[in-house]
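Some notes on the structure that comes next.
What follows is calculated from the coordinates using simple rules that are stated; it is not laboratory data. Remember, it's a predicted structure, so these values are computed and weren't measured experimentally. Positions of Cβ are generated from backbone atoms using ideal geometry, with glycine treated the same way; all protein chains shown enter the neighbour counts.
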Amino acid sequence: MQILLLGLFVALFLHDTTTAVETTSAGGTLRTSEALPADAWPGLGPLPVLAIVLGPKLLLLIIYQTMCMRTRRKLGQTGGQRALNTLERLTAALPLLLLVLFICDLAFGGLRVVRLALQHVVLIDELIVMLPTLLVATAAWWSYYPVDRRLRESLIFRNADTGRPIVPLLSRGQYVSMQMRHQFGLLLLPLLVVFAWYEALTLLGPDHRGVLSPDLALTLTPVGVIAVLILSPLVIRYVWHTAPLGTGEVRDRMLALCKMHRVRVRELLLWRTGGGMVNAAVTGLIRQVRFILLSDGLLDQVSARGIEAVMAHEIAHVRLRHMFWMIAVLLATLGGTELAANLAFDQFVPAPVETADADAVGGPPMIDLHDPNVRLLITAVPAFLVTMLVFGWVSRRIERQADVFAARHLVLVNEQEVDSRDATRRRVLAEALSDGENQPGPQLTHPPDPATRSIAAVQQVETPCFTEDAVNTMIHALQRVAELNHAPIHRKSWRHGSIAWRQDHLRSLVGQPVDDTPVDRVLGWVKIVTLVVVAGLILTHAAG
C-alpha cells in the first residue's frame, strides 16, 4: 500500500510539471496553466472520461471480490491453500494495478475534468481524482474480510486447544476502519499535507500571484516538508487509537531496554487494534515526538521474550538512525539518477536542427524531445523508477540489520544474566569461605587451576558470537508475528522483504561475532556512497 500512496503523489507531481505552459494574463503577469492531456482526444467529454476512469477499477474490484468469495468457500477443503496463495498474490499485486490505472486516469484527462468543474483549488481537485483509487483499495479490504475472519476463527480453535488467549473477532466495519487508519494514516495524511504545502507555495509564487519571491518560495518548501516529518507522529498517535502503556513488568522491561541502548522516547504506547494486528512500531525523528507502539495483539499473544525481540528490532531503527539514512538514500538516489539522466539526454539526444523550410526535412516532429516538459518526463520517470528500486533494496537490508541488532541484544542480555548468576554464586561461595575461616580447626584451600584461569581470561576478552538460542528466539518471534497476522512467510515485500528471507539470514549468523556482520558492512558502504553522492550534488549545484 505504501508504494501505491507514494506513486499517486509522484504521478500527480509529474502530471502538473510536464503539462505546464506559460501564458500571459490580462495583467501582464505570467501564470502556469495546464496543457490538458485530453486535448489529444477532442471528442471525449466528461462522461466518457468518467467511464474510462471508473470502468477498469470496477472490473478489477469485481475480479478481486470473486476471488475472495471463491477462496472463502475453499478454505478447509481440498485446494483451499492453493486458492489462498493465489488470492495473496493478487492482493500483493493490487496496489501496483491501481497505480497503473491511476496513471491512465491522468493520461485520459481525469484531473482536467475535475479542474474544469472546480477550477484549480489547493488539494481539493487532487483528492477528488484520487478518490476512486482509494475507494477501490477500501472496498478490497471489505471484500477480504470474510477470508480474514475465517482464518482468525481457525486460530481461535488452536488457541483454545493450547490455552492461549482468545481475541474477540472484529466486525467487518471495525476491520475496514482499522485498515484505513493504519494504512492511510501512516503515509497518506503526511503526503497530503506536504502536497498541499507545495501547491500553496506554487500558487503564491512568482509564476502565479507573485506574493512570494522565488528565493522565499524555494526556502519555504523544505521547511514545510521537515515540519511535517517531525510533527506527523503527534497525529499518528491519535489516528491509530493509542494510550500510554500501563505500569507493570512489560513497561519496566521496555524502559530498561531503551536505557540499555541509550534511546530516549517520549512515551511507550499501547496500540489498540482490537487484537486485529500483531506488530510494533517506532515513530519520530526527535526525542520530543518519538513514540514506541506495541499492539494489544502483540502483548496478548506473544511471549515476553518474543516481545523483547520485537521491541529490540524497533529500537534498532532509532539507535542506528535508520530513518535519517533512508531519507538521505532517497534524496541522493533521486538527485543522482536525475543528474545522470540529464547528462545522458544531452549526450545521446541530438540538438534540434534550425531550418527555414520545415517541409524540406519532413515537417516538424510529432513530439519535440527538447521541449522542457517532455525532457522532464523522459528524465524524471526513469529517475523515479531507479530510486524506488534502490530505496527498496536498502530498506530491506535495513530490516535485516534491525533483526541482527535484536539477536545481538538477546546475546548480550543472556551473557549479562549468566554473569549475574556467576557473580551471585561467587558471592555465596565467598561468604561460605569467610564463615569457614572463622570456624575453629584447619581450613583446606584449593587454589584455582591455572588452566581454568586462562580459559576464564580468554572468555572475558573474546568477542561474543551469535548463539542458536538468541537467533532462534528472533526467528520464532518473526514466525509468530507472521502467523498471527495471517501473512505467508514467503510473501515478498518491497520495503521489508519476506519473513523467510529474513529468517534464513538470521540462521546464517550462528557462530559469527556479534560486532561484525555482512549486513553491517554492506550498509556501511551504502552510507559512504550516499555521502559521496550528496557531496557531489552539492558541488554540482554550487558550480552551476
Apply the Karplus curve 6.51 cos²θ - 1.76 cosθ + 1.60, θ = phi - 60°, to the phi angles in the range 283-294 and return the couplings in whole Hz, x for Gly and Pro. 10, x, 7, 10, 4, 4, 10, 9, 10, 10, 10, 10
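What is the calculated FRET efficiency for residue 288 to residue 495, with r their C-beta to C-beta distance and R₀ = 41 Å, to the nearest 0.05? Spell out each step's value before the answer.
Working: r = 26 Å, r/R0 = 0.64.
Efficiency for this residue pair is about 0.95.
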Under-5 Å amide H pairs with residue 269, H placed in peptide plane, nonlocal only: 245, 292, 293, 294
Shape call for the range 77-143 from the C-alpha gyration tensor, a ≥ b ≥ c root eigenvalues: rounded (a/c under 1.5), prolate (a/b greater than b/c) or oblate? prolate
Per 0.36 nm of contour for each residue apart, how much would the distance between residue 346 and residue 96 grow if the chain were fully extended, relative to their Cα-Cα spacing? 86.8 nm
By how many nm would the segment from residue 221 to residue 264 lengthen if fully extended, with 0.36 nm per residue of separation less the alpha-carbon distance? 12.5 nm
Can you compute the FRET efficiency between residue 138 and residue 235 using 1/(1 + (r/R0)^6), with r the Cβ-Cβ distance and R0 = 25 Å? Round to the nearest 0.05. 0.80
Inter-site label distance for residue 540 and residue 251 at 7 Å from Cα along Cβ, in nm: 5.2
Could you give me the ³J(HN,Hα) list for the range 298-315, computed from phi with Karplus coefficients 6.51, -1.76, 1.60 and θ = phi - 60°, whole Hz, x at Gly and Pro? 5, 5, 7, 10, 10, 5, 4, 5, x, 4, 5, 5, 5, 5, 5, 4, 5, 4
Determine ³J(HN,Hα), in whole Hz, for all residues of the range 69-81 in sequence, where each value follows from phi through the Karplus function 6.51 cos²θ - 1.76 cosθ + 1.60 and θ = phi - 60°; x replaces Gly and Pro. 5, 5, 5, 4, 5, 8, 4, x, 10, 5, x, x, 5
Taking the Cα centre of the range 48-207 as the origin and placing charges on Cβ (Lys, Arg +1; Asp, Glu -1), which of 183, 130, 68 is farthest toward the positive end of the dipole? 68
